[in-house]
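The values are calculated or read from the model by the stated rules, or taken from the named source; none is laboratory data. The model shown is predicted, which means the values in this text are computed figures rather than measured ones. Here Cβ is always computed from backbone atoms with ideal geometry, including for glycine, and neighbour counts include all displayed protein chains. Heavy atoms of the whole protein, side chains included, go into the accessibility calculation; ligands, DNA and RNA do not. Shrake-Rupley method; radii C 1.70, N 1.55, O 1.52, S 1.80 Å.
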Amino acid sequence: MDSLIPFTTSGSLVDCVDRKMLVVLRDGRKLQGVLRSYDQFANLVLEDTVERIYYGDVFAETWKGLFLIRGENVVLLGEVDLDKEDDVPLQQVAWEELVPIHREEIAAKKKREETKAKVLFEQKGFCKEGGEGDGY
Amino acid sequence: MSEGHGAARESSLGEWPRSTLPLSLLNAAQNKPMLVELKNGETFNGHLVNCDNFMNITLREVYQTNAEGDRFWKVKECYIRGSTIKYLRVPDTLLDAVKEEQNRAREAGRSARGAHVSGAGNRGRGMPQRGRGAVRGGPMRGGRGRGRGM
């Protein structure tokens with residue numbers, strides 16, 4: 001029966017409805033919530049959503065509630081295995097504690113990318129990269 | 001309510017889940033407060049005035065924040081082109097409100113026709129009789145319209 005379902009957004013996502021899903025956005029944000037609905041553009045309705053940030057082997061999360069995500073911005077959508085999620089060897093810390101560290105990491109990464117792009121452009125004859133979102 | 005889930009799994013090829021479609025949810029959010037984040041990171045906090053199927057929206061009493069989150073503007077009313085939106089955050093209570101409204105509409109439709117069908121088993125099958133199977137069915141919607149007039 002499964003093989004009869006064509007590989008379309010609707011065909012792939014029916015089984016994910018009412019499951020806890022991980023959504024990664026193009027800006028790098030990671031959201032976890034229950035997928036309640038979607039459409040042909042992969043616009044998503046995510047209920048009881050939390051945003052998670054990671055750094056090394058710690059993570060932090062904060063409550064965000066009900067989301068309507070425009071499909072274009074989704075990089076990845078994956079089901080969270082409820083049996084295994086508690087076994088993940090990551091330690092949870094307070095959100096406020098991790099946010100500044102996380103922000104620093106993003107800034108550092110951005111700087112690294114800029115330096116790399118500069119070298120590639122000025123010394124290696126590459127063209128300039130576009131703006132945001134090229135990372136994916 | 002596990003209704004959406006069950007129906008979505010039972011239904012076959014290329015049909016959307018029974019639960020509220022994303023754009024229907026947006027429609028139902030009219031006059032409700034929401035936070036809109038654009039692709040460029042700017043956010044808009046306000047009440048939804050109107051929206052369309054492109055996700056274009058108008059908000060009133062808006063607080064606009066720049067991407068860095070360090071500058072704010074107060075805007076009386078603004079229009080946002082749908083294609084620039086990253087996501088919208090809407091009130092948690094909205095999903096329940098919409099489902100309740102849908103149930104009421106369904107019940108009203110039933111009793112109006114006089115054919116009172118009870119039980120979940122008949123859900124969906126009876127719909128085509130209404131003769132308006134494809135209210136919002138896209139091109140992907142098969143002939144066996146299970147359209148639920150909204």
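Those residues that are over 16 Å from A:LEU46 (Cβ atoms) and surrounded by 14 or more Cβ atoms within 10 Å (Cβ to Cβ), I need them from region B:80-96; list them, please. Break it down stepwise before answering.
Initial filter on region B:80-96 (over 16 Å from A:LEU46 (Cβ atoms)): B:80-84.
Hits for region B:80-96 are B:ILE80, B:GLY82, B:THR84.
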The number of residues in region B:82-97 that are touching a residue at least 60 places away in the same chain (Cβ under 8 Å) and at the interface with another protein chain (Cβ under 10 Å from one of its Cβ atoms) is 5
Heads up, the strands (runs of 3 or more DSSP E) in region A:17-136 (entirely inside) with at least 3 residues that are within 13 Å of chain B (Cβ to nearest Cβ) are A:20-25, A:30-38, A:44-55, A:58-69
Checking B:ALA115 against (1) at pLDDT 50 or above; (2) touching a helix residue (DSSP H, G or I) at 6+ places or on another chain (Cβ under 8 Å); (3) open to solvent by less than 60 Å² (accessible area, probe 1.4 Å); (4) part of a loop (DSSP other than H, G, I, E, B), which single condition isn't satisfied? (2)
Restricting region A:29-46 to residues that are open to solvent by 10 Å² or more (accessible area, probe 1.4 Å) and within 16 Å of the chain's Cα centre (by Cα), which is nearest to B:SER19 (Cα to Cα)? A:VAL34
The one condition in (1) at pLDDT 95 or above; (2) more than 10 Å from chain A (Cβ to nearest Cβ) that B:GLU37 fails to fulfil: (2)
In region A:59-76, the residues that are over 13 Å from A:LEU13 (Cα atoms) and open to solvent by 30 Å² or more (accessible area, probe 1.4 Å): A:GLU61, A:THR62, A:TRP63, A:LYS64, A:ARG70, A:GLU72, A:VAL74, A:VAL75
The residue that is surrounded by the most Cβ atoms within 10 Å (Cβ to Cβ), considering only those in region B:43-72 that are among the aromatic types (Phe, Trp, Tyr) and within 18 Å of B:LYS32 (Cα to Cα), is B:PHE44
More than 27 Å from A:ALA42 (Cα to Cα), modelled with pLDDT of 95 or more and touching an Asp or Glu at 6+ places or on another chain (Cβ under 9 Å): which single residue out of B:VAL49, B:VAL62 fits that description? B:VAL62
Pairs needed: first member in region A:30-43, closer than 15 Å to A:GLU85 by Cβ; second member anywhere, open to solvent by less than 10 Å² (accessible area, probe 1.4 Å); C-beta distance under 6 Å; at least 6 residues apart or different chains. A:LEU31/A:VAL23; A:LEU31/A:THR49; A:GLY33/A:LEU46; A:GLY33/A:THR49
